[in-house]
Amino acid sequence: MSLPADRPPQATVADLTTPSLYPQKADAAGKAYFFIPLTREQYRAASFLDDRVLAPGVAGQWISRALVEAALAKGIERRPLHFLFHIGHCGSTLLSRLLDDTERVLGLREPLPLRDVAERFDAQAATPAGGGSANAALDLLLRLWERGYPETDCVVVKATSSTARLHPQLMAARPESRAAYLGQAAESQLATLLAGSGGDLAGFAQERRMRLQRLLEAPPPAVRGPGELAAMSWLTEMLTRRTALTAHGERLLALDFDDFLKDPRAGLERVVRHFGLTVDSERLDLIARGPTLLRYSKAPDYVYSAGRRAQILARSRIENALQFRAGLRWLERLGRSHPAVGELLDESLE
């Protein structure tokens with residue numbers, strides 16, 4: 001394998017033992033990783049650790065897997081590693097930022113390599129004879145994510161919504177890890193996605209449809225239009241969530257975003273305790289009164305609050321009424337033939 005000729009000099013082993021070099025992506029063969037320098041402040045500022053973190057002038061470098069393995073073999077001070085799963089567009093970035101505000105957590109929001117690993121596991125499931133490259137790639141990422149700063153009590157990886165399907169592999173690879181899993185009712189999700197927050201729906205549609213077929217053990221109905229596509233997305237991710245809750249028991253904390261917004265301080269305290277963090281009441285009070293809850297978490301320059309969100313969802317239900325009803329009818333039809341779907345819909349109405 002040859003690395004790009006224009007790369008800067010390779011990092012030293014010592015450079016790779018701290019979070020100051022972040023593995024932003026891997027090459028197609030998984031034999032080299034692209035690392036970029038990030039400070040504590042840059043981690044906190046980043047809403048996403050995919051290609052959107054590559055600001056102009058970022059001096060990244062490709063580093064061979066062999067050198068990365070050599071660095072990790074020297075030993076690092078491992079931090080407890082936990083996960084934040086979600087169904088998409090339901091407050092996961094906000095919760096991740098609130099955890100950052102405790103100043104005890106290193107939050108990694110939507111690392112791009114996790115998507116690659118999810119696709120590797122999909123391919124591995126389709127052709128089991130192909131070997132265990134997905135497991136090896138995941139193991140390396142987990143060890144890199146366990147690096148922390150001196151004040152880091154734990155690292156919390158916020159997965160992309162569709163990569164929550166890796167919950168069996170992630171939780172099995174780290175039996176001591178815990179996870180929080182955010183969801184929301186079907187009506188809230190459809191109103192959110194139809195308001196313009198579902199730009200990723202088409203890109204994930206094929207994988208979600210295949211996953212839904214496995215979860216239902218039957219081909220799902222065809223989807224026509226954005227309302228039904230939003231409904232399929234909600235159902236796939238909520239059934240995945242239900243599977244995770246059953247599989248992982250007390251290791252997984254289920255959260256509803258609408259309930260969380262009614263009392264963010266109480267919700268944050270539940271998550272903090274679940275992850276084994278010690279944060280005093282005064283600090284939690286300060287976070288609950290702080291600016292994070294008054295800003296759009298994916299773009300903090302914009303003012304955004306629970307009240308503003310409620311207004312947007314109410315308007316979406318009116319402006320997108322036809323698609324909104326089409327999505328709900330799609331779910332109701334499926335609920336009549338699949339008890340698990342009917343149960344999710346009943347829970348959404350409680």
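The values are calculated or read from the model by the stated rules, or taken from the named source; none is laboratory data. None of these values were measured; they are calculated from a predicted model. All Cβ positions, even for glycine, are placed from backbone atoms using ideal geometry, and neighbour counts span all protein chains on display. Note: accessible area is taken over every heavy atom of the protein model, side chains too, but ligands, DNA and RNA are not part of it. Shrake-Rupley method; radii C 1.70, N 1.55, O 1.52, S 1.80 Å.
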### Query
Taking region 192-211, which residues are closer than 26 Å to Gln311 by Cα, free of Cβ contacts under 8 Å to residues at least 60 places away in the same chain and surrounded by 15 or more Cβ atoms within 10 Å (Cβ to Cβ)?
Leu201
### Query
For region 111-151, how many residues meet the condition of being over 17 Å from Tyr33 (Cα atoms) and of a type in the set (A, V, I, L, M)?
4
### Task
Report whether or not His82 is touching a residue at least 40 places away in the same chain (Cβ under 8 Å) and over 19 Å from Ala173 (Cα atoms).
no
#### Entry: Breaking point among (1) among the hydrophobic types (A, V, I, L, M, F, W, C); (2) open to solvent by 10 Å² or more (accessible area, probe 1.4 Å); (3) farther than 30 Å from Asp263 by Cβ, for Ile63
(2)
#### Entry: The lone exception for Gly227 - which of (1) over 23 Å from Thr93 (Cβ atoms); (2) open to solvent by 20 Å² or more (accessible area, probe 1.4 Å); (3) touching a Phe, Trp or Tyr at 6+ places or on another chain (Cβ under 7 Å) it fails
(2)
### Query
Which residues, taken from region 286-324, are touching a helix residue (DSSP H, G or I) at 6+ places or on another chain (Cβ under 7 Å) and part of a helix (DSSP H, G or I)?
Ile287, Ala288, Thr292, Leu293, Ala306, Ile312, Leu313, Ser316, Arg317, Gln323, Phe324
### Task
Could you please tell me which pairs satisfy a Cβ distance under 6 Å, a separation of 6+ or placement on different chains, a first residue in region 91-105 that is under 15 Å from Arg295 (Cβ atoms) and part of a loop (DSSP other than H, G, I, E, B), and a second residue that is open to solvent by 20 Å² or more (accessible area, probe 1.4 Å) and not basic (Lys, Arg)?
Asp101/Thr292
### Summary
Expected output for region 178-191 (first residue farther than 13 Å from Ser233 by Cα, partner among the acidic types (Asp, Glu) and in a strand (DSSP E or B), Cβ below 8 Å, 6+ apart or cross-chain) is Leu182/Asp256
### Task
Evaluate region 334-349: report whether one residue or more is within 30 Å of Arg109 (Cα to Cα) and in contact with an Asp or Glu (Cβ under 8 Å, 6 or more places away or on another chain).
yes
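With Arg104, Arg97 as the choices, which residue is among the basic types (Lys, Arg), open to solvent by 10 Å² or more (accessible area, probe 1.4 Å), within 17 Å of Phe275 (Cα to Cα) and over 19 Å from the mean Cα position of the chain (by Cα)?
Arg104
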### Query
Within the set of pairs 6+ apart or on separate chains, which have a first residue in region 237-257 that is within 17 Å of Ala172 (Cβ to Cβ) and open to solvent by 20 Å² or more (accessible area, probe 1.4 Å), a second that is of a type in the set (A, V, I, L, M) and in a helix (DSSP H, G or I), and C-beta atoms under 9 Å apart?
Thr243/Leu215; Ala247/Met171; His248/Met171; Arg251/Met171
